[in-house]
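**Q** Could you have a look at this structure, given as structure tokens, before my questions?
The values are calculated or read from the model by the stated rules, or taken from the named source; none is laboratory data. Source: prediction; values computed, not measured. When we count neighbours, we look across all protein chains shown, and the Cβ atoms used for this are built from the backbone with ideal geometry, even at glycine. The accessibility values were calculated without ligands, DNA or RNA, using every heavy atom of the protein model including side chains. Shrake-Rupley method; radii C 1.70, N 1.55, O 1.52, S 1.80 Å.
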Amino acid sequence: MSKLLIVESPSKAKTLKKYLGNDFEVLASYGHVRDLIPKNGAVDPANQFAMKYDVIERNAKHMDAIAKAAKGADSIYLATDPDREGEAISWHIAEILADKKLLKNKLIKRVEFNEITLSAVKHAIDHPRDIAMNLVNAQQARRALDYLVGFNLSPLLWKKIRRGLSAGRVQSPALRLIVERELEIEAFQSQEYWSIHLDALKHAHKFNAKLIQLNNEKVEQFTVINHDQQADIVGKLLLASAGKTTVSRVEKKQRSRSPAAPFTTSTLQQEAVRKLGFTTSRAMRIAQQLYEGIDVGSGTVGLITYMRTDSFSLATEAVMSIREYVKKNFEADYLPKSPIMYKTKAKNAQEAHEAIRPTDINRAPSKVRQYLNDEQFKLYEMIWKRSLACQMSPAKFDAVSVDLAVGSEANLFRASGQTLIFPGFIAVYMEGRDDEEEEDGESKLPHLETGEVLTVEKIYGDQHFTEPPPRYGEASLVKILEEYGIGRPSTYASIISTLQDREYVILDKKRFTPTDVGRVVSKFLSEHFTKYVDYDFTANLENALDSVAEGEREWIPLMDEFWQGFNSQVLSKADVDRPGNELIDEACPKCGKPLQKQLSRYGTFIGCTGYNDEPKCDYKRSLNGAAQAGSDPVTIGVDAHSGKEIYLMNGPYGPYLQIGVAVEGEKKKPKRVSIPKEISLANVNIEIANMLLSLPRDLGQHPETGKKIVANIGRFGPYVNHDGKFKSIPKSESVFNIDLAGAVTLLAAANTGPAPIADLGAHPSGEGRVEVYAGRYGPYVQHTKIRATLPRSMAPEELTLDEALGLLAEKSAKEEATGKAGGKKMASRKTPAVKSDAKKDVFKKPTAKKATTKKVASKKTATKKVATKK
């Protein structure tokens, strides 16, 4: 009996094939196989939200292979990922196979496993089930909502603000969080305050205490607010102390700290950012590799359980296994008397899975180190330690608090300290913290008794200033998204990537700052679509979708309820004014008219309100006083050598600097230089302009040829040039600092051809390797002659082989569709029909077109036969 098992990832397929042997053919869908058609009308609210799907172009060949295998199979098992997305992919595959009439008299079942181990996989195959339509409907509803919001709000943003902008059901509230935090920071006014301290001595042991009570009144943060006040207080306390202080209270108690719960998707992402320096998307990619299977010498096995979950629970067998490991490898005190149970805190918990844990706790990190790369090892070690620690005893501390009286009991200083007396779980793992939160350190105080008199070494004041709330980093943004119930653990990484790809936020020093465009978009949505960027509304909608997944609610009434209000709101905003320019309290230095803040494609700038007047005033500058590129030249200073004005201008390849203006009839063109992307336009002032215009730099003569090497900036960025040969200067170097030796090294590399920056491994076909290169237009992945550019949100050092294969497949499909592959025109691919009448209308093709397709296909077959004869 022929059996077909369908998974999402080729890596997982490879692992499962080893488990299941020759009885099964295992194929990968490479993720989603169908999606809504990318145009208006893909979701029809008037027809019970009927959805029109099309096969995703890059995965069409994989779906064709699945259909071909299904034709000869007796049983089909859908083993896509065990979550809503995986359930929906299984449903789409089943729908396509049904439309092709390939399921007649065949068994088709859904199987799921939370870990890729031999026992888990065999158990899943032995206990198949039907596709859970509640989960499918919840996923379809979520996809339809995202589509309706995007396709209706984005055109409005294009019309009212700028072309190319977009809005999203979840990304817009996330953007609002970042923008509102930035507004808090800008509105923040720092306040001065002082704390008063005392250094006391007992024998040779010095310790510090802080003033908590002054003249019988509690000392608050702003009790002492300036230098003169603290100087007066310190002087009086020194006088009252006469060099001595008395111990008025000693309190001793034992404290304990319990271990953190095992990882969920959210907490894994947060810890990977804090402890390992990963991005959220990088953490998920590496976790996926560990889940799908690693060859550990004895065979390929999944090292961790499924990584998309918001459950803290662990299987009973796993808990017992962890406790047994603790018992064997630690002293008896480290094992609690009974298992520790964790309750899920997330208010919208929806995944019915375990927390993330090792599939076998006995597989210690040291045992698999040789089979993992550095990133895989770091993440696996962190997951293993956290899982082990969660079933260990609490850490115990001896805590001491001492009050010291100065002059009388009216003036009290307090010293606190603690000593770790039993490490417990801390021996294995300590949870990371955001924003350098205060950690109870191990600080020892000398043995003290009430009434004891100590020597005062000094009393002094420390000056402080209140600080604004910190900007969100990736870890803290994920944490707040989870607290508000915005999105789901599996979507946090994509939310962050989308905000960056849309250039609504930038990640600077690991902190998110909204761009000018991000601010304007967030303000527009908050003013005109307040309800739909409201945190509670977004969370409540997620709760409603959870109810659909749990079978407690129907999805079409939910969609209708949302659409009625949302559509009315969109229609009512068709005639709203564009976001207005904001007048500032400053006159134009050129014409005297008021200045205003304006938004351009390069961000917010200061411009003259007389721009549209006659005569026109073209004065512009950036918010910090630097020049601003625009359609008209902007003067930013005078060139010291020529005495001519330096202009910032905008050309077809981006902004550039120019000395003087072109004069009709003169052959010599004005000197100009492009502004590199790494130099912000807001920072372009006269100093930077002079530095850029000093280019090209003569670096000296090449030691072998004797010919000159120069460093310069062109339309594609900084480069060195020698004898007509050009080589880009890497980001680690600067066009202003590179020396002759560095340039010679770069040129030597250019002569040998580009070296890959990453080797992802052999191609599954066995033909060649898949490699990543740093190209002129950005990083790209290459196999044989096919090259695919990496999306902006995908860092080359984080790219996996599966992702690279997906990009290459997509590029190959595009080339086939446009007739570019191999220089030959390729046959068009027929899109499979779908089941409902609404969907069939979309994909129905004219008879003549079908006939043409068949003829081309037959020609391809004939070509293959001739090739075989050769």
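**Q** Subtracting the Cα-Cα distance from 0.36 nm times the residue separation, let me have the gained length for Ile480 to Lys669 in nm, one decimal.
**A** On the way: separation 189, 0.36 × 189 = 68.04 nm, distance 5.52 nm.
Result for the pair: 62.5 nm of gain on full extension.
**Q** To the nearest 20 debye, what is the magnitude of the charge dipole of the chain about its Cα centre, counting +1 on the Cβ of each Lys and Arg and -1 on the Cβ of each Asp and Glu? Each step should come with its number before you reach the end.
**A** Working: 126 positive and 111 negative charges, 1102 e Å.
Here the chain has a charge dipole of around 5300 debye.
**Q** State the percentage of accessible surface on the chain attributable to carbon and sulfur atoms; use a 1.4 Å probe and exclude ligands, DNA and RNA.
**A** 49 percent
**Q** Still on this structure: At what distance in nm do the modelled label points of Asn737 and Leu695 sit from each other, each positioned 7 Å from its Cα along Cα→Cβ?
**A** Here the modelled spin labels are 1.6 nm apart.
**Q** When the chain is fully extended, how far beyond the present Cα-Cα distance does Val661 get from Leu118, taking 0.36 nm per residue of separation? Numbers along the way, then the final one.
**A** Values: separation 543, 0.36 × 543 = 195.48 nm, distance 7.41 nm.
Full extension of this stretch gives 188.1 nm more.
**Q** While we're here: Measure up Lys236/Lys458; Lys159/Lys523; Lys14/Lys61; Lys202/Lys244; Lys727/Lys814 against 20 Å on the Cα-Cα distance and list the ones that go over.
**A** Distance filter (> 20 Å) returns Lys727/Lys814.
**Q** Next question. So, with +1 on the Cβ of K and R and -1 on the Cβ of D and E, and no other charges, what is the size of the charge dipole of the range 490-594 about its Cα centre, to the nearest 20 debye?
**A** So the magnitude is around 680 debye.
**Q** What FRET efficiency, computed as 1/(1 + (r/R0)^6) with R0 = 60 Å and r the Cβ-Cβ distance, is obtained for Glu186 and Asn22, rounded to the nearest 0.05?
**A** Efficiency for this residue pair is about 0.35.
**Q** Run the 1.4 Å probe and let me know the accessible area of Ser765, rounded to the nearest 10 Å².
**A** 80 Å²
**Q** How do Lys244, Lys669 stack up against each other in accessible area, from largest to smallest, with a 1.4 angstrom probe?
**A** Descending order: Lys669, Lys244.
**Q** Suppose accessible area is computed on protein heavy atoms with a 1.4 Å probe; arrange His92, His447 from highest to lowest.
**A** The residues order as His447, His92, largest area first.
**Q** Also: I'd like the distance between the alpha-carbon centres of the range 145-175 and the range 371-399, rounded to an integer number of Å.
**A** If we compute the Cα centre of each part, the gap is 42 Å.
**Q** Something else: If you average the C-alpha positions of the range 477-535 and of the range 1-67 separately, how far apart do those two centres end up, in angstrom?
**A** 31 Å
**Q** What does the net charge come to around Leu695 if you take all other residues with beta carbon closer than 11 Å to its beta carbon, with K and R at +1 and D and E at -1?
**A** Local charge sum for Leu695: +2.
**Q** Let me ask something additional. Report the far tail of the P(r) of the chain, meaning the percent of Cα-Cα pairs longer than 51 Å.
**A** 34 percent
**Q** How much area per residue is accessible in the chain when the probe is 1.4 Å and only protein heavy atoms are counted (Å²)?
**A** That works out to 51 Å² per residue.
**Q** Once fully extended, how much extra length lies between Glu317 and Tyr342, figured as 0.36 nm per residue of separation less the alpha-carbon to alpha-carbon distance?
**A** Between Glu317 and Tyr342, full extension yields 7.5 nm more.
**Q** Something else: Output the peptides 561-569, 531-539 sorted from most to least packed, where packing is the average of other Cβ atoms within 10 Å over each peptide's residues.
**A** Values: 561-569: 14.7, 531-539: 16.9.
With the highest mean Cβ count within 10 Å placed first, the list reads 531-539, 561-569.
**Q** Let me ask something else about it. From the helices alone, meaning DSSP H stretches of at least four residues, give me the mean residue ellipticity at 222 nm for the chain, per-run term -39500 (n - 2.57), in deg cm²/dmol to the nearest 500.
**A** -11000 deg cm²/dmol
**Q** Per residue of the range 784-789, what does 6.51 cos²θ - 1.76 cosθ + 1.60 with θ = phi - 60° give for ³J(HN,Hα)? Whole Hz please, x for Gly and Pro, Karplus curve as stated.
**A** These are the phi-based 3J(HN,Hα) values: 6, 9, 8, 10, 10, 6 Hz.
**Q** Ok, one more. How much accessible surface area, in Å² rounded to 10, belongs to the heavy atoms of Lys725 with a 1.4 Å probe?
**A** Number for this one is 110 Å².
**Q** What Kirkwood radius, in Å to one decimal, follows from the Cα pairs of the range 521-607?
**A** When all Cα pairs of the range 521-607 are included, the Kirkwood radius is 16.6 Å.
**Q** Roughly speaking, what is the centre-to-centre gap between the range 689-740 and the range 209-255 when only Cα atoms are used, to the nearest Å?
**A** 63 Å
**Q** Still on this structure, I have one more. Suppose we keep just the alpha-carbon trace of the range 298-426; what are its Rg and Dmax in angstrom?
**A** Gyration radius and largest Cα-Cα distance of the range 298-426: 20.7, 75 Å.
**Q** Compare the Cα positions of Val224, Thr745, His62 along the charge dipole of the chain (+1 at Cβ of Lys, Arg; -1 at Cβ of Asp, Glu; about the Cα centre) and return the one farthest towards the positive end.
**A** His62
**Q** Mind pulling up the Rg/Rh value for the range 59-109? Radius of gyration and Kirkwood radius, both on Cα.
**A** Across the range 59-109, the Cα-based Rg/Rh ratio is 0.95.
**Q** Students sometimes get this wrong: rank His197, His205 by accessible area, probe 1.4 Å, all chains present, largest first.
**A** The residues order as His205, His197, largest area first.
**Q** Next up: Please work out how much accessible surface Lys523 shows to a 1.4 Å probe, ignoring ligands, DNA and RNA, in Å² rounded to 10.
**A** 120 Å²
**Q** Turning to a different aspect of this structure: Can you pull out the cysteines in the chain that have no other Cys Cβ under 4.7 Å?
**A** Cys390
**Q** Under a Cβ-only charge scheme (Lys and Arg +1, Asp and Glu -1), can you give me the dipole magnitude of the range 28-72 about the Cα centre, in debye to the nearest 20?
**A** 180 debye
**Q** Read phi for every residue in the range 466-475 and hand back ³J(HN,Hα) as whole Hz from Karplus 6.51 cos²θ - 1.76 cosθ + 1.60, θ = phi - 60°, with x for Gly and Pro.
**A** Rounded to whole hertz, the list is 5, 10, x, x, x, 5, 6, x, 4, 5.
**Q** Nearest 0.05, what FRET efficiency do Lys644 and Asp585 give at R0 = 25 Å with Cβ-Cβ as r?
**A** About 0.15, to the nearest 0.05.
**Q** Related question: With unit charges on the beta carbons (Lys and Arg positive, Asp and Glu negative) and the dipole taken about the Cα centre of the chain, which residue among Tyr777, Ile480, Phe188 sits farthest to the positive side?
**A** Looking along the dipole axis, the top candidate is Tyr777.
**Q** Considering the dipole of the chain built from charges on the beta carbon (Lys and Arg +1, Asp and Glu -1) around the Cα centre, which of Pro394, Ala167, Val136 is farthest to its positive end?
**A** Val136
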